């Protein structure tokens, strides 16, 4: 007797099984490669494949729940790509006052990612509080804005995988 996928009723599980194969193949022609967005093209191939597969799966099976993505988030390639993406935003420092320039000067990107990977793997990572600032709106009111720390930017799901079309 086949096991029911987690989070789906038996009828939903059976209807989800009928879809096409969701494993997306990497682009093979020059035209397909040109269609990749610039944001997608700068990511490592492994992260590109994950994003494509997750996006395809989410579009084809709308009720599917993604339970174990932690291993993809803490992967060193994912953390490095997230660090580079967050660094490219050139944002303000968070509550701890640490900037990307300081990280690059003091320990460097590779050591930062290695230490962060170690903390995440060992389960020692704890999210830092977000710095709250208020920016003016067109109507004269203020809009709250949360500025995360560098570490939080690199570990947040919106760093890379969330950007896939879920």
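The values are calculated or read from the model by the stated rules, or taken from the named source; none is laboratory data. On a predicted model such as this, the values are computed, not experimentally measured, just so you know. All Cβ positions, glycine included, derive from the backbone under ideal geometry; neighbour counts span all protein chains shown.
Counting only helices (runs of 4 or more DSSP H) that sit wholly inside the stretch 1-111, those with at least 1 residues that are at pLDDT 85 or above are 45-60, 76-88, 100-106. When the residues of the stretch 131-166 are narrowed to those that are within 20 Å of residue 83 (Cβ to Cβ) and surrounded by fewer than 15 Cβ atoms within 10 Å (Cβ to Cβ), which ends up modelled with the lowest pLDDT? Filtering the stretch 131-166 for residues that are within 20 Å of residue 83 (Cβ to Cβ) and surrounded by fewer than 15 Cβ atoms within 10 Å (Cβ to Cβ), the one modelled with the lowest pLDDT comes out as 158.
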